[in-house]
Amino acid sequence: MISVLIPVYNYNVLPLVENVKAQCDACGIIYEIIVLDDASKNTAFITQNDPINDLDYCHYEVLPANIGRSAIRNLLGQKAQYNWMLFLDADVLPVDGMLIQKYLPFLTNNIKVVYGGIRYQPEKPAQSQILRWHYGNAREALQVDSRKENPYLSLLTLNFCIHKQIFETVRFNETIPNLRHEDTLFSYNLKQHNITIEHIGNPVYHLGLESSEIFLQKSEEAVIGLQYLINNNLISPEYLKISGYYNTIKKTGLLPLARVWHKVTAKALRNYFLRPNPSLFIFDLYRLGYLCSLK
């Protein structure tokens, strides 16, 4: 028995639901698929997703107001009637027809999380999306062995199974600003509670590639969110490399120099990231400089 839980916002999630439903039917399991729409502003997507309610064991509901990434995942967990819950992001699609079947053998221990992984389609996207695609391939689409080297930070919350017993103890923090890094805090809290994360080879494609400009903006928002987590003692600065380097710069009194460097180079670097094959090392330096520049 499994509850498939999908948060959605301004996206056509019907193809994903139909795909996963067909897989569940083929496995002959008891299941439900719950899709919660976080008050999409574009009614065209709501119209596209409405037919989900015509599918057996599937439910689509539009929330009256936007509640954010953490709260909607917690609400999905509350609505789930089965103990094992598979969280999928709306903009993913199974790599093959075996996603559900590959998860089932691992859903035997109620004190662990199972993460299947992520891939990006091999074909290069439009030039305007290269930065997001390049970053995703290098930093997110990791093989199982690589993920196991850092099991908590390697967890991305777009394709993972969790038992309700764990979710009642470790939930997504709804008090933090809706500025990303909610998955970082979630994985950090799992680590604090010594919850095992089992990494398996069961990936989904991430289809929702933003333009490089939007990805830069979201990356800056994520840095602001990270600063909030650090300043409010929600995570250790050493949990992430970028915040660890920031902590070292701060302790050595080099923060003013780092702020000047970022102010001088920021505009040129933003333009650089819009070119073909941008360096992720330089992208990391930009994000570190941006963190240093925040008051």
ask   = Is region 61-75 home to any residue that is under 24 Å from H206 (Cβ atoms), part of a helix (DSSP H, G or I), in contact with a Phe, Trp or Tyr (Cβ under 7 Å, 6 or more places away or on another chain) and modelled with pLDDT under 95?
value = yes
query = Within region 201-238, can you find the residues that are at pLDDT 95 or above and of a type in the set (K, R)?
reply = none
ask   = Which is over 29 Å from L93 (Cα atoms), not basic (K, R) and not in a loop (DSSP other than H, G, I, E, B), of L285, L226, L234?
value = L285
message = Conditions first: (1) open to solvent by less than 60 Å² (accessible area, probe 1.4 Å); (2) in a loop (DSSP other than H, G, I, E, B). L36 passes all but one, so which condition is the exception?
response = (2)
query = Got at least one residue in region 23-33 being surrounded by fewer than 22 Cβ atoms within 10 Å (Cβ to Cβ), at pLDDT 95 or above and among the charged types (D, E, K, R)?
reply = yes
ask   = Hey, among the residues in region 223-275 that are of a type in the set (F, W, Y) and farther than 27 Å from N150 by Cβ, which one's surrounded by the most Cβ atoms within 10 Å (Cβ to Cβ)?
value = W261
request  = Working carefully through the options Y103, Y152, Y115, Y135, find the one that is at pLDDT below 95 and open to solvent by less than 60 Å² (accessible area, probe 1.4 Å).
outcome  = Y135
query = Just checking, how many residues over region 149-182 are closer than 21 Å to N194 by Cβ, among the β-branched types (V, I, T) and part of a loop (DSSP other than H, G, I, E, B)?
reply = 3
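The values are calculated or read from the model by the stated rules, or taken from the named source; none is laboratory data. Keep in mind that what you see is a predicted model, and the values were worked out from it rather than measured. We place every Cβ from the backbone using ideal geometry, glycine too, and count neighbours over all the protein chains shown. Heavy atoms of the whole protein, side chains included, go into the accessibility calculation; ligands, DNA and RNA do not. Shrake-Rupley method; radii C 1.70, N 1.55, O 1.52, S 1.80 Å.
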